[in-house]
Amino acid sequence: MREPVKRLVEAGRVLAVQEDQDGRRSARITLQDGQLYLHPLLRQPPPSHAHTLQESEVVGVLEPSCTLAFLDLGWAGSTRGRVTIRLTPDTPRARQFVLLCTGQRGHTYRNTKLLEVWHKGQPGEYVRGGDYESNDGNGGASLLPDLQGQYRESGRAGAVLCCDDPGGPRSAQFIITTRDRQDGRQWFDAFGDVVSGLDVVRAAVNHSDITEVTVVDCGVVLPL
């Protein structure tokens, strides 16, 4: 990235925009610790003298083999940390996860809460979230017509899994595992892995009320 462009990004003056029937939405592009981040599209006016790019052009530079998404988790009035997830290339659930991190279809994981913890303190512990519709665990329908694909099995902490069968009413919800399984069995339908920030998810699991933990921001990592 050339220095003049870097200065514009650092000043918050480079945004991705998308036009739809209800008007224009814009998404921040930020540079942090040498990584370029695209945040979700929101109905907010871009700052004056902003430099804008079409959202489709920005996301289009992502290679499926290196797609990284992020969730910023927060509770008790502050953001506690960023969870970065490497998505399995070219799977429908991974593509749907990107859509819900960027808001390209109008819905986003931003401001959704984590819903419940299973097997707390035991092997196979995991947390569920991602109900972008009702935020109570009953919603989160698929954004894509078909989520069937070739998915992995995993028994390791940090796996990102689907929550519901393809086409089910909660099929856009996700699960993040926080402890390895020790029963020799595997979770099915893994479409990503946490590459940094698993400690943030574990801290969230240990919070007194998991439903107080929210996704305060989300998005994807752009290649420089």
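Here are the numbers for the structure shown:
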{"item": "Under 15 Å, Cβ to Cβ, from R13 - net charge with Lys/Arg +1 and Asp/Glu -1", "result": "+2"}
{"item": "Ranked order, D22, D217 - accessible area, probe 1.4 Å, largest first", "result": "D22, D217"}
{"item": "Label assignment, semi-axes √(5λ) of the Cα gyration tensor in Å derived from the structure, set [x] 110, 16, 15; [y] 29, 19, 17; [z] 43, 20, 18", "result": "[y]"}
{"item": "For the range 1-82: rounded, prolate or oblate by the Cα gyration tensor [a/c cutoff 1.5]", "result": "rounded"}
{"item": "Accessible area, probe 1.4 Å, largest first, for residues V5, V216", "result": "V5, V216"}
{"item": "With all protein chains modelled, accessible area of S196 [1.4 Å, Å²]", "result": "50"}
{"item": "Sequence of W118, W187 when ordered by accessible area, the most exposed leading, probe 1.4 angstrom", "result": "W118, W187"}
{"item": "The chain - percent relative contact order, Cα under 8 Å, separation 6 or more", "result": "25"}
{"item": "Within the chain, helix-based [θ] at 222 nm, where runs of 4 or more DSSP H residues each add -39,500 (n - 2.57), nearest 500", "result": "-4000 deg cm²/dmol"}
{"item": "Environment charge at T211 (Cβ cut-off 12 Å; Lys +1, Arg +1, Asp -1, Glu -1)", "result": "-3"}
{"item": "Dipole of the range 24-137 [Lys/Arg +1, Asp/Glu -1 at C-beta], most positive-end residue of Q96, G106, Q35", "result": "G106"}
{"item": "Rounded percent of accessible protein surface that carbon and sulfur make up, the chain, 1.4 Å probe", "result": "45"}
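The values are calculated or read from the model by the stated rules, or taken from the named source; none is laboratory data. Only a predicted model underlies this, so the values are computations on that prediction, with no experimental measurement involved. So basically every Cβ, Gly included, is an ideal-geometry build from the backbone, and we count neighbours across all protein chains shown. Keep in mind that these areas ignore ligands, DNA and RNA; they rest on the heavy atoms of the full protein, side chains included. Shrake-Rupley method; radii C 1.70, N 1.55, O 1.52, S 1.80 Å.
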